[in-house]
1. Evaluate E = 1/(1 + (r/R0)^6) for ALA377 and LYS511, where r is the Cβ-Cβ distance and R0 equals 45 Å; express this FRET efficiency to the nearest 0.05.
2. Is the shape of region 440-513 rounded, prolate or oblate, going by the alpha carbon gyration tensor and its root eigenvalues a ≥ b ≥ c, with a/c under 1.5 for rounded and a/b larger than b/c for prolate?
3. Can you pull out the chymotrypsin sites (Phe, Trp or Tyr not before Pro) in region 689-734 that DSSP calls coil and that have at most 16 other Cβ atoms within 10 Å?
4. Please give the FRET efficiency for THR369 paired with ARG170, using the beta carbon to beta carbon distance and R0 = 25 Å, rounded to the nearest 0.05.
5. Once you have the Cα-Cα distance between LYS104 and GLN80, take 0.36 nm times their residue separation minus that, and quote the gain in nm to one decimal.
6. Taking θ as phi - 60°, what are the ³J(HN,Hα) couplings along region 249-266 by the Karplus curve (6.51, -1.76, 1.60), each to the nearest whole Hz, with x for Gly and Pro?
7. For a quick size check, give me the Cα extents of region 61-186 along its three principal axes, largest first, whole Å.
8. Calculate the spin-label point distance for MET697 paired with ALA230, positioning each point 7 Å from the Cα along the beta-carbon direction, and give it in nanometres.
Amino acid sequence: KITLSSYMLFHPPQRSLNDSLEGEIQAFLIDEDQLYTYDDLTKVNPVTPATVLKCLQVRYSMKVFYTHAGCTLVALNPFQPIPDLYSLDVMKEYHYAHQPQEFKPHIFIVAEEAYRNVRGQLEPVNQSLVVSGESGAGKTWTSRCLMKYYATVASVSVVKSQDTVERIERRVLDSNPVMEAFGNACTLRNNNSSRFGKYIQLQLDRCQLLVGASVQTYLLEKTRVACQTANERNFHIFYQMMKGATDEQRKEWKMSHDQSFVWLPNSEKTIEGWCPFFMCIKQHILAGILQLGNVSFSSSADESQPCHLDRAAELLCVPAEELQTCLRVRTLKAGKQSVLKPCSQAECSVRRDCLAKVIYAQLFEWLVTFINNSICADKSTWCNFIGVLDVYGFECFQTNNLEQLCINYANEKLQQHFVAHYLRAQQEEYVSEGLQWSFVKYQDNQSCLDLLEGSPISVFSLLNEESRLNRASDAKTFRVRLEKELCDNANISWDKFSKVPHFTVAHYAGKVGYQIEGMAEKNKDPVPPELISLLQKSNNQLLHQIFKDNETESQIKKGPGKTTVVSKFKNSLETLMKILHFTTPHYTRCIKPNPECKPLTFKKEEVIIQLEACGIVETIHISAAGFPISVALKHRCLSEEHSTLVHCGRTKVFLTQVMVSHLKSVCFITNKQAYLFLEFLQLLLFFFFVAFCVFAMQSITCFKLPAAVRSWLVRNRVRRWNRAAGVIQSTWRKWRLLLKSLAEAELDDAKDLVEEDTPALTPVIRERGSVQLSTIPEPVTVQGWPMGLALASAPSMTVSLTATGFQKMMSVIASLNLPSRRGEYQVKTNQYTEELASIRAQPKGSVKLHCQRSPLLYADRQPDLKSDVTGFNEILLEKTL
């Protein structure tokens, strides 16, 4: 139980707080049994940090971790698995609910609201889910739940594309642990802290089905590869690699079981999960990075080779001599000439760290590109998207540098987006519409943003100028310049008694001191050109691929045109803000109950600071007193009864929360009456349907049954006729085949005659049965057989005979008394060279080949040419002799 005195410890009351408010607070805090029932903090009365804090504490103790706060969902991290809180049944329950807002607060309500906005095509159609909070508050887990929810509810598809949808879902969900393995690490505040920001765009088609996704990342903390603060760790992928590697892989990576690595501190901690995708990439690169961490350098006087350099060179597929030269010797350009200068021991270590950082950063960018190519859909296949934003939380460590400055700057931008979109925009709209509204004071962080990114003078502009100078940066000089140029801004301060140059920025979540030493060098992000050239020559295909692009070459340019880390990060955040501006935002505030990440432990001091920083109390004030619904003004006729519930502005009508609840109840009653009326209509339609069926049966019995019998009789008669016709056709075909077989048996081919044994001829028969042909010099014996005539081409005629003896042959030829345009025909034999075919003579003396053969019994050897036959004439073939 929180008393007023304990509340004053972390939130001192103002003198203007009257006694009645104190009494209301005490009365509210006494009734602890009912505090956990407040699903929406706008119902808390009065709304003060103490009442909101107590309500959240009681709900947290009852294992209720989600609470509505107006337009925002407050999520408390339980720091332990909660069974059945995110199961498939719970997802379906919220998805198929008629009014999900009537259910208990849950992250699925926010997800379903965004999904229904897309389905309803409410402008702006595209949605953005902004998940914010401190490091360790549960943003990454919340993003996982949102992605899993959409992969489940947006997968209902037809059978033909079900496999495709499931494959896309699997790819989208599997990409998240891969990116967490490469981009998350264990910090002092979180065991799974995101060291990069990401905006996941879930792409939906016209049927609101998930067809693809894309990932946009922001500012990977690559310095963690080569530098880890005390009690912190490197990226998860290195520990997963060491834990999951087999003996064969360790041998291949030149790693023994007892070998330790400088860049893998606190490796005794257990890490959940093993990244299976790691086996698909060139794991030698990560092993080479670890081996680089074990490379040590001697002084400039000692030119001995660094230890473990051969292992690193072999894993990175580069020559060891060239690698040693690039790490120990730098190239200076003096005009058009290049001068080689040995590096000091500290400079060698810096170049080694730079090599490891640039390899890991380029590998991470290649991984993001690879994932996008695998899960991103073609632009023509999707029309809307739901974005899930998961960025690093607000950070404040003992030593803060450029990484923490950029991270906190990103959180300032998101807080300003929330302030501008809700806290300021809604109140300004009420005033512009002429409503009676008293402004709710809130913390506006615009002055802090002006300090960091303002124009013309800001921290970022001065840092970029310092980074573009062609000299080494001096921390004390830069601090003096900051103090001189930004002394008028109340959000920055300096500790004049501190020996370490630094400056302190008053962020919306608290003051953070930033160390100036090394900040300009990190902003330059220099990469020696000789290191890039060495990696471009690597025999490792992946290293060669990711370092041959023009973008990598542009990063090593020198001069004022070089893009700094701050400038690049600022431009990417501006792009993100434009996306959020043209989408409908949904806010989820993740709260970290205790700094030690202990399960179900609620520390009031820790929570109240976060509530005040993100403006939860002000949000509740505006939501409770504001108007959640506004519609275009069409009529000014309002009853006196609803004058306090409905407010007319100049162009809109605003409805209070009470009026919205009243309309929902009226709609429920109206829907119930409509449901009963629809049931009555269904019963009436069923009655008419039964009556129609009875009438139809009577009609069938009286009229259609005799007609069906007559139709059946006619169909049987037609079937009998068809069977008779089939028999006649079959008999006719058999008779024609018989005639054809007789003709073929009588007209054998000449090839069959060749195969027969020709009897030897006597000299007399040879002399009488020979014909002198013009084409053959020697006399040819004419051997006949059941004959037919074939006309090859006029005026030539081919004759096949079944006759022996010259006299008989001549008589046959003489019997062919046919007219010719040239007077006579030339007689040749064709029994060995030509095919046999029958000849039909057509009227008017023309003779044409006929492809069908006919029996010779009906042939006429002297057809009448003067006949009046109009079709085919008789067959002109010789009778059997």
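FYI, it's all coordinate maths here, none of it is from the lab. As the structure is a computational prediction, the values presented were derived from the model and not from experiment. So basically every Cβ, Gly included, is an ideal-geometry build from the backbone, and we count neighbours across all protein chains shown.
1. Details: r = 45 Å, r/R0 = 1.00.
The computed FRET efficiency comes out at 0.50.
2. Values: a/c = 2.59, a/b = 1.53, b/c = 1.69.
Cα axes put region 440-513 in the oblate bin.
3. Here no chymotrypsin sites (Phe, Trp or Tyr not before Pro) fit, given the DSSP loop and packing criteria.
4. For R0 = 25 Å, the calculated efficiency reads 0.80.
5. Working it through step by step, the gained length comes to 6.6 nm.
6. Karplus-based 3J(HN,Hα) across region 249-266 equals 5, 4, 5, 5, 8, 6, 10, 8, 5, 8, 7, 10, 10, 5, 8, 10, x, 6 Hz.
7. Taking the Cα atoms of region 61-186, the three principal extents are 47, 38, 31 Å.
8. Result for the modelled spin labels: 9.4 nm.
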